[in-house]
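Engineer: After the C-alpha cells below, expect a handful of questions from me.
The values are calculated or read from the model by the stated rules, or taken from the named source; none is laboratory data. Worth saying up front: this structure is predicted, and the values here are computed from it rather than measured. All Cβ positions, glycine included, derive from the backbone under ideal geometry; neighbour counts span all protein chains shown.
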Amino acid sequence: MNKRGHVLNALLLALGLGVVIEPGLDAATVRTTAQITVPIVLGALFPDVDTAFGRHRKTLHSLPVLGIFLAYPIVFGNLQYVWIGVLTHYVLDVVGSRRGIALFHPLSDAEYGLPSGVTTSSKYADLVTVVVTAVELAMFWALHTYVVTLDLDLSAASEAAAGLGL
C-alpha cells in the first residue's frame, strides 16, 4: 500500500478503536479517539521511513522492529498505541498489497505476502484498505473483549522494567 492507504487505514482504525476502548458516543469516546489517533497514524507511517534509507519493505518492515515498538511502552511508559500503527502497516502490506514484506529481516530478505492484495496503484487499493481495516478492527475488538484490554495502564510494567535496569 502507499502512504495514503496507510493513513486511511490508521484513521479508520483509530476511530473504530476509540469506540471499542470507550464504547458509546460521548465525550469520553471522543477523548479516547483523539488520544490514540496521532500515535496510531505515526506508527502506521513509521515503517515507510525506510524509503529514505535502507531497503524498502525490508529495513523497517520486520518482526524485530515491531518487537521494539511492543516493548517501548513497557520499558519507557509511553507510546502505548504506536505499535498498533506499525502492526497494521505490516498487515496492510502483507494482506493488501502484492509484494509483501521481509518479516525476518535482517536474518532473511525473503518477502512474505498473501495473494489477496492489489498493486499500490490499483483503483481498488482504497477498497482493499477499507476491507483489511474492517478485519483488523474486528480482531482488535475480539482481543480487547476476550483477551486483554487495549486501554492498559502500563505504569506498573514500566516501574518493573525500571527496577530491572531497563
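Engineer: If we only count helices (runs of 4 or more DSSP H) wholly inside the stretch 1-110, which ones have 2 or more residues that are surrounded by fewer than 17 Cβ atoms within 10 Å (Cβ to Cβ) and of a type in the set (Val, Ile, Thr)?
Structural biologist: Details: elements: 3-21, 27-45, 63-76, 82-91.
Because the criterion is at least 2 residues that are surrounded by fewer than 17 Cβ atoms within 10 Å (Cβ to Cβ) and of a type in the set (Val, Ile, Thr), the helices (runs of 4 or more DSSP H) in the stretch 1-110 that meet it are 3-21, 27-45, 63-76.
Engineer: Looking at (1) out of contact with any helix residue (DSSP H, G or I) (no Cβ under 6 Å at 6 or more places or on another chain); (2) farther than 22 Å from residue 143 by Cβ; (3) of a type in the set (Val, Ile, Thr), find the lone condition where residue 94 falls short.
Structural biologist: Single failed check for residue 94: (2).
Engineer: While we're on this one: Filter the stretch 58-114 down to the residues that are polar (S, T, N, Q), closer than 22 Å to residue 17 by Cβ and modelled with pLDDT under 95 and list them by number.
Structural biologist: Looking only at the stretch 58-114, we keep the residues that are polar (S, T, N, Q), and these are 59, 62, 78, 80, 88, 97, 108.
Keeping just the survivors that are closer than 22 Å to residue 17 by Cβ gives 78, 80, 88.
The answer is 78, 80.
Engineer: Is it true that some residue in the stretch 81-89 is polar (S, T, N, Q) and more than 12 Å from the chain's Cα centre (by Cα)?
Structural biologist: So in the stretch 81-89, the residues polar (S, T, N, Q) come out as 88.
Next cut, more than 12 Å from the chain's Cα centre (by Cα) only: none.
Within the stretch 81-89, not a single residue is polar (S, T, N, Q) and more than 12 Å from the chain's Cα centre (by Cα).
Engineer: Residues being part of a helix (DSSP H, G or I) and either β-branched (Val, Ile, Thr) or surrounded by 13 or more Cβ atoms within 10 Å (Cβ to Cβ) (or both): count how many of those fall in the stretch 111-133.
Structural biologist: Our first condition is that a residue be part of a helix (DSSP H, G or I); within the stretch 111-133, this holds for 125-133.
Adding the requirement that they be either β-branched (Val, Ile, Thr) or surrounded by 13 or more Cβ atoms within 10 Å (Cβ to Cβ) (or both) leaves 125-126, 128-133.
Number satisfying all stated conditions: 8.
Engineer: If I go through the stretch 100-117 residue by residue, how many of them are within 12 Å of residue 90 (Cα to Cα) and either of a type in the set (Ser, Thr, Tyr) or in contact (Cβ under 8 Å) with a residue 40 or more places away in the chain (or both)?
Structural biologist: 6
Yes or no, residue by residue, for (1) under 16 Å from residue 135 (Cβ atoms); (2) at pLDDT 95 or above:
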{"site": "3", "(1), (2)": "no, no"}
{"site": "13", "(1), (2)": "yes, yes"}
{"site": "23", "(1), (2)": "no, no"}
{"site": "31", "(1), (2)": "no, no"}
{"site": "34", "(1), (2)": "no, no"}
{"site": "45", "(1), (2)": "no, yes"}
{"site": "51", "(1), (2)": "no, no"}
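Table: residues versus (1) among the charged types (D, E, K, R); (2) more than 11 Å from residue 1 (Cβ to Cβ); (3) free of Cβ contacts under 8 Å to residues at least 24 places away in the same chain.
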| residue | (1), (2), (3) |
| --- | --- |
| 43 | no, yes, no |
| 53 | no, yes, yes |
| 58 | yes, yes, no |
| 75 | no, yes, no |
| 90 | no, no, no |
| 93 | yes, no, no |
| 122 | no, no, yes |
| 126 | yes, no, no |
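Engineer: Another question about this same structure. Answer yes or no as to whether residue 141 is in contact (Cβ under 8 Å) with a residue 60 or more places away in the chain and either in contact with a helix residue (DSSP H, G or I) (Cβ under 8 Å, 6 or more places away or on another chain) or in a strand (DSSP E or B) (or both).
Structural biologist: Working: in contact (Cβ under 8 Å) with a residue 60 or more places away in the chain: yes; either in contact with a helix residue (DSSP H, G or I) (Cβ under 8 Å, 6 or more places away or on another chain) or in a strand (DSSP E or B) (or both): yes.
Yes; evaluated as a whole, the condition is true for this residue.
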